[in-house]
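Reading through the structure tokens given below for one structure.
The values are calculated or read from the model by the stated rules, or taken from the named source; none is laboratory data. No experiment lies behind these values; they were computed from the predicted model shown. Heads up, the Cβs are rebuilt from the backbone with ideal geometry, glycines too, and the neighbour counts pull from every protein chain shown.
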Amino acid sequence: MVTWAQRLGWVFASVLALGVAAESRSLTDGVFSIVQAERGATLYTRYCAECHLEDLSGQEMSPGLKGVAFRFRWADLTLFDLFDRVARTMPTGAPGTLAKTDYAAVVAYLLEANGYPSGPDALPINEAALRAIEVGPFTP
């Protein structure tokens, strides 16, 4: 027999799950601003293009950051995974040396270069907010 406490627990869990689902977003929701992406393009040129090339195609040990392979690589992850990877490993020789806002701008540029839509707000730097943004499959 199910008790009232168990029913209340199920209701609470259901409401909580609905709240989390409502807060999660995808890249197609416009999670970065175009101004942020433009700033990221400047930072990319300064810190990333030497290895990943100006057109983001990559070379030798530096993977391409644009196109199907890039979108496929991150499809089942959250935006935090991408942000964290960039922040922990780049730029080569000095990883983690940029401000979080600079890393967010570079990630915004990568998203813009891959055809994701911009929105009114800048990409957040808060881990919880980034974890709530699913990369998901790309559908232009």
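Observations on the model:
- Yes/no for SER33 being modelled with pLDDT of 95 or more and of a type in the set (Gly, Ala, Ser): yes
- For region 56-73, filtered to residues that are assigned to a loop (DSSP other than H, G, I, E, B) and within 18 Å of the chain's Cα centre (by Cα), the residue that is surrounded by the most Cβ atoms within 10 Å (Cβ to Cβ) is LEU65.
- Positions within region 100-135 being in a loop (DSSP other than H, G, I, E, B) and either at positive phi or among the small types (Gly, Ala, Ser) (or both), in sequence order: GLY115, SER118, ALA122, ALA132
- Conditions (1) at pLDDT 95 or above; (2) more than 19 Å from GLU38 (Cα to Cα); (3) surrounded by fewer than 18 Cβ atoms within 10 Å (Cβ to Cβ); number of the one not met by ILE133: (3)
- Looking only at region 58-103, residues that are out of contact with any Leu (no Cβ under 7 Å at 6 or more places or on another chain) and within 18 Å of GLY136 (Cβ to Cβ) come to 14 in all.
- Test: THR97 is at pLDDT below 95, more than 13 Å from the chain's Cα centre (by Cα) and not in a helix (DSSP H, G or I): no
- With respect to the conditions (1) assigned to a loop (DSSP other than H, G, I, E, B); (2) closer than 21 Å to ARG39 by Cα, ASP76 lacks only one, and its number is (2).
- Tally of residues being among the basic types (Lys, Arg), surrounded by 14 or more Cβ atoms within 10 Å (Cβ to Cβ) and in a helix (DSSP H, G or I) across region 24-55: 1
- Cβ pairs under 9 Å, 6+ apart, first in region 91-109 and touching a residue at least 60 places away in the same chain (Cβ under 8 Å), second of a type outside the set (A, V, I, L, M, F, W, C) and not in a helix (DSSP H, G or I): ALA104/PRO124; ALA108/SER33; ALA108/SER118
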